[in-house]
Amino acid sequence: MAADKMEIDLASALDNVEDHVVEFTAEVDGDEYEFVVQYAVLEALSGDAPEDDAIDMFNRFSDTIAEAGLVALARGNASNVIVISENDLE
């Protein structure tokens, strides 16, 4: 059964400019997971490429990112860090 809610810890969001991702921690069904959301997702949601405002974009679209995170988590990625890409947007 797929999880239906993700609680993002907004305070954990970290802009990793070098890798073009925002890293964050979220809780799903009582378990904590490490995620990264690619800048391409932020650009797809906002229409603009992140510059020095990736965290602001992340916060603005956190509900949509949470939904995409559930899709990415359901893929069963065996990695320690779950990557949210444009393919996870519904």
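Below are the figures for this structure:
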| read-out | value |
| --- | --- |
| Peptides ranked, highest mean first, by Cβ atoms within 10 Å: ranges 9-15, 46-52 | 9-15, 46-52 |
| Cβ charges +1 (Lys, Arg) and -1 (Asp, Glu), total dipole of the stretch 6-88, debye | 280 |
| Per-pair calculated FRET efficiency, R0 = 22 Å: VAL81 and GLU43 via Cβ, rounded to 0.05 | 0.60 |
| The chain: equivalent-ellipsoid semi-axes (sqrt of 5 x gyration tensor eigenvalues, Cα, Å) | 20, 13, 12 |
| Net charge of neighbours whose Cβ lies under 15 Å from the Cβ of ASN87, counting Lys and Arg as +1 and Asp and Glu as -1 | -4 |
| Mean Cα-pair separation over length for the chain, i.e. relative contact order, pairs under 8 Å, 6 or more apart, % | 29 |
| Vicinal HN-Hα couplings computed from phi for the stretch 12-24 (Karplus, 6.51 cos²θ - 1.76 cosθ + 1.60; Hz; Gly/Pro x) | 8, 4, 9, 7, 9, 4, 4, 9, 6, 9, 10, 8, 7 |
| Principal-axis tilt of helix 62-74 within the chain, Cα atoms, nearest 10 degrees | 50 |
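Computed from the coordinates by the stated procedures, all read-outs in this text should not be read as laboratory data. Values in this document were obtained by computation on a predicted structure and should not be read as measured data. Backbone-built Cβ (ideal geometry, glycine too); neighbour counts: all protein chains shown.
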